[in-house]
Amino acid sequence: MILLFIISIIISYFYNYTTIVTNFYIGKFGHSRFIFQLIMLFIGLLVVYFIALTVNSYYKFYKTIIIMLLFFYIYFLFALFELSAYVFKGYFLELFKIVGSVIYPDTLIEYSMTHRPGIHSFSQEPSHLAMYVAIIAPYILSYSIYKKKYYNFFLVVLIILLSLSRLGYVLVFMEIFLILYLFKFKYFDLKKIFIAIFMFFLFTNILFAIPIIGETILSLINVKEIGSNAARYAAAYSALQVWLNHNIFLGVGLGQTGFYSVDYLPQWGFLSGDVVDTNNGLRWPPIHNLLVRILTEIGLLGLIFWISVFIYMIFRLHRIIKIKYYFNKEVDWIAIGALVSTIATILIMFNRETFTNMSMWLGFGLSLAYINITKRIYFEKKTNN
């Protein structure tokens, strides 16, 4: 499927060649955009295959989870340091600025204090922190249940709450629900899914009854009062209009959406200053959604191939979980973590558009690694028998 996805990019390129070589907007050329995005895609795929080839045994995967847990603790402690700098200021803030000057762009700390009240730890913004945590949290939480170290649940929830990332709230609470479901019911089946749906609606209704949580979740779809929502949805909407007005099967070419989407910005999006800047040519038109971007730039065929990769991994991981329980009465906690992390990998694509999103490639690589490990061991056992 990855190979078919790459082939669809090449076909889309040759189909749109005459426009790609002539596209130009605010200092960017169509051909250079295509080449740069293709390089970023290949770097991401190299990361995936490097992880899949390097983490090639249960022992190495277990050690990788321990390392992820260690780095999570470091992220958490630095987040508390950041919080103390913003709350207490004084020496805490001065020290944080010194340390932050090595990690962040020059103006990020001042911008975060005035525009982004949530913590972001080592990441560039709270939503990036939320996406990183969403990818590693399923492994940490599954490991915590396996080792009965339940305090990690508290730490994961706390860092997400401190980030004030609405995306993070949705992802992490969904992950906790799925992990608890799989440890309780062992695998998905029709009867258990109906029970899970009932439990999920009951759980979400309880959450909605809590004013701050209910208001936060509902704010995700509010485009009339929240500028960030208007910017995100307007960017995706304009990209979809580009797709509908060009070849729906082959798209406009990798990296080319920004040359067209500014002409399709909806009026309701101008609540956001980012949309105003985009319309005035002061910034490159974003999309904020990788799946919409693939659909617009590579077309419907490319999106089908891309999604098929992750659907395949979800089915394979679920099959591993189910077979191990059937034959060994074993709850494969690593496979549960990989399955939930893969689902989160798909969901974070709705929030970021770029192939430079390392959280996505990390989740992709770890899931592929575990599938390969299990497949190889199963093959070896079958051969020996």
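Below are the figures for this structure:
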{"item": "Among the residues listed as T345, T356, T278, the single one being assigned to a helix (DSSP H, G or I), over 20 Å from Y181 (Cα atoms) and touching a helix residue (DSSP H, G or I) at 6+ places or on another chain (Cβ under 7 Å)", "result": "T278"}
{"item": "Selected residue (criterion: nearest to the chain's Cα centre (by Cα)) from residues of the range 284-324 that are surrounded by fewer than 22 Cβ atoms within 10 Å (Cβ to Cβ) and among the basic types (K, R)", "result": "R316"}
{"item": "Matching residues in the range 282-309 - criterion: being more than 16 Å from F350 (Cα to Cα), touching a helix residue (DSSP H, G or I) at 6+ places or on another chain (Cβ under 7 Å) and not β-branched (V, I, T)", "result": "R283, W284, P285, G299, L301, G302, F305"}
{"item": "Given (1) touching a residue at least 12 places away in the same chain (Cβ under 8 Å); (2) within 20 Å of S341 (Cα to Cα); (3) loosely packed, with under 13 Cβ neighbours inside 10 Å, number of the condition P126 does not satisfy", "result": "(3)"}
{"item": "Which listed residue, of Y62, Y73, Y17, Y13, is crowded, with 17+ Cβ neighbours inside 10 Å and modelled with pLDDT of 95 or more", "result": "Y13"}
{"item": "Residue that is nearest to F355 (Cα to Cα), among those in the range 26-47 that are of a type outside the set (A, V, I, L, M, F, W, C) and surrounded by fewer than 16 Cβ atoms within 10 Å (Cβ to Cβ)", "result": "S32"}
{"item": "Residues of the range 325-379 that turn out to be surrounded by fewer than 20 Cβ atoms within 10 Å (Cβ to Cβ), at negative phi and among the charged types (D, E, K, R), as a count", "result": "3"}
{"item": "Whichever residue in the range 9-26 is of a type in the set (S, T, N, Q) and part of a helix (DSSP H, G or I) and, among such residues, is nearest to W306 (Cα to Cα)", "result": "S12"}
{"item": "Any hit, the range 254-270, residues being more than 23 Å from Y15 (Cα to Cα), part of a loop (DSSP other than H, G, I, E, B) and not charged (D, E, K, R)", "result": "yes"}
{"item": "Any hit, the range 46-60, residues being within 27 Å of H246 (Cβ to Cβ) and either touching a residue at least 12 places away in the same chain (Cβ under 8 Å) or under 26 Å from the mean Cα position of the chain (by Cα) (or both)", "result": "no"}
{"item": "Those residues of the range 86-122 which are of a type in the set (G, A, S) and modelled with pLDDT of 90 or more, in sequence order", "result": "S121"}
{"item": "Only listed residue being assigned to a helix (DSSP H, G or I) and closer than 25 Å to M358 by Cα, chosen from V99, V87", "result": "V99"}
{"item": "Single unsatisfied condition, Y143 versus (1) under 17 Å from the mean Cα position of the chain (by Cα); (2) crowded, with 18+ Cβ neighbours inside 10 Å; (3) among the aromatic types (F, W, Y)", "result": "(1)"}
{"item": "Cross-chain or 6+ apart pairs with Cβ under 9 Å, the range 352-374 first and closer than 15 Å to I294 by Cα and at pLDDT 95 or above, then assigned to a helix (DSSP H, G or I) and not aliphatic (A, V, I, L, M)", "result": "none"}
{"item": "Cβ-Cβ under 8 Å pairs, at least 6 apart or on other chains, the range 303-331 side closer than 24 Å to I10 by Cβ, far side in a loop (DSSP other than H, G, I, E, B)", "result": "F305/M1; W306/M1; S308/M1; V309/M1; Y312/M1"}
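The values are calculated or read from the model by the stated rules, or taken from the named source; none is laboratory data. Note that the structure is predicted; figures quoted are calculated from it, not measured. Reconstructed Cβ throughout: ideal geometry from the backbone, glycine too, with neighbour counts over all protein chains shown.
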